[in-house]
């Protein structure tokens with residue numbers, strides 16, 4: 001009795017098995033490696049895009065905040081400058097009216113008046129080597145040059161009144177003939193006043 005030989009796999013079958021193995025490995029790679037990596041990449045790309053959008057919004061807010069701060073600082077500086085200008089004008093007007101009234105009450109006729117910008121001044125003399133105070137001078141001084149018509153006796157009355165006024169002094173007086181009327185007994189007198197006041201008092205006017 002003859003035994004039949006077992007036949008091995010044919011070449012065609014081996015090729016088919018090899019193709020199936022390759023497809024299987026490829027499918028596994030796609031399912032368990034490539035697709036998760038692709039999904040992770042998409043997630044990271046979306047997250048990066050969201051962060052970029054958030055960065056743009058934050059940069060815009062920061063730029064706007066910086067602009068607002070700069071504008072706020074500019075407004076404060078303009079307000080301070082306007083306030084100082086207003087206070088100086090108000091102070092000068094008040095001093096001008098006071099000096100005009102003072103001259104008129106002593107028989108002098110005011111012609112013109114010129115006031116300086118208030119400057120800092122301190123009555124307290126510092127000792128040698130002593131440092132100035134942090135806040136600077138405690139007083140403000142305004143110089144006012146007034147031209148008036150009047151007689152010597154009127155000027156004498158004015159000098160007496162100023163001498164009795166603590167915050168006021170006359171630093172200079174000059175006479176000239178009134179050329180508008182040679183027959184007039186009134187002289188043209190130039191008087192330089194110095195008005196001193198506490199800085200805190202001046203600033204609240």
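The values are calculated or read from the model by the stated rules, or taken from the named source; none is laboratory data. Fair warning: this is a prediction, and the values are worked out from it, not measured in the lab. Here the Cβ positions follow ideal geometry from the backbone for every residue, glycine too, while neighbour counts run over all protein chains shown.
Things worth noting here:
- Unmet requirement for residue 64, which otherwise passes all of (1) farther than 30 Å from residue 145 by Cα; (2) modelled with pLDDT of 85 or more; (3) loosely packed, with under 11 Cβ neighbours inside 10 Å: (2)
- Single match in 144, 132, 138 (criterion: farther than 10 Å from residue 108 by Cβ, in contact with a helix residue (DSSP H, G or I) (Cβ under 8 Å, 6 or more places away or on another chain) and either at pLDDT 90 or above or surrounded by fewer than 14 Cβ atoms within 10 Å (Cβ to Cβ) (or both)): 144
- Residue count for the stretch 8-46, restricted to those that are surrounded by fewer than 10 Cβ atoms within 10 Å (Cβ to Cβ) and not in a helix (DSSP H, G or I): 2
- Flag if residue 92 is under 30 Å from residue 192 (Cα atoms), touching a strand residue (DSSP E or B) at 6+ places or on another chain (Cβ under 9 Å) and at pLDDT below 80: yes
- Tally, over the stretch 156-171, of residues that are surrounded by fewer than 19 Cβ atoms within 10 Å (Cβ to Cβ) and assigned to a strand (DSSP E or B): 3
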